[in-house]
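The values are calculated or read from the model by the stated rules, or taken from the named source; none is laboratory data. No experiment lies behind these values; they were computed from the predicted model shown. Ideal geometry is used to build each Cβ from the backbone, glycine not excepted, and the neighbour counts take in all protein chains shown.
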Amino acid sequence: MTLDGLVAFVAVAHAGSISEAARQLRLSKSTVSERLTELERAVGTNLLQRNSRQLALTNDGLAFLERAKRIVSEADRASEEFPGTAAWTAPM
């Protein structure tokens with residue numbers, strides 16, 4: 001599990017689509033999709049239910065989202081407190 005994967009997941013959950021999350025994160029759709037797939041593999045469950053027209057959080061995704069938001073938020077605070085660390089930003 002990577003912080004980049006968590007950021008992508010939080011952004012997709014907030015935006016409601018991979019395309020919009022990719023635009024907000026200034027990444028390609030394929031990069032965001034790959035990060036989501038890696039995250040789901042790492043946690044061992046599907047966090048999102050997706051098809052060509054819709055995207056929705058699964059029950060596991062809903063439960064995981066709150067933890068992911070906290071982790072991303074803490075990482076953002078750490079990057080503000082300690083210059084020189086990378087900043088990860090995702091819509092909250």
Residues (at pLDDT 95 or above and touching a strand residue (DSSP E or B) at 6+ places or on another chain (Cβ under 8 Å)) located in the stretch 14-48: LEU36, GLU40, LEU47, LEU48
Criterion violated by ALA11 - all others in (1) surrounded by 13 or more Cβ atoms within 10 Å (Cβ to Cβ); (2) modelled with pLDDT under 95 satisfied: (2)
Odd one out for GLN24 among (1) among the polar types (S, T, N, Q); (2) under 21 Å from ALA75 (Cα atoms); (3) not in a helix (DSSP H, G or I): (3)
Test: residue in the stretch 59-69 that is modelled with pLDDT of 90 or more, polar (S, T, N, Q) and in a helix (DSSP H, G or I): yes
Test result for SER52, among the hydroxyl-bearing types (Ser, Thr, Tyr), closer than 20 Å to SER17 by Cβ and part of a helix (DSSP H, G or I): no
Failed condition for ALA75, given (1) closer than 18 Å to ILE18 by Cα; (2) buried (at least 16 other Cβ atoms within 10 Å of the Cβ); (3) modelled with pLDDT of 80 or more; (4) of a type outside the set (Lys, Arg): (1)
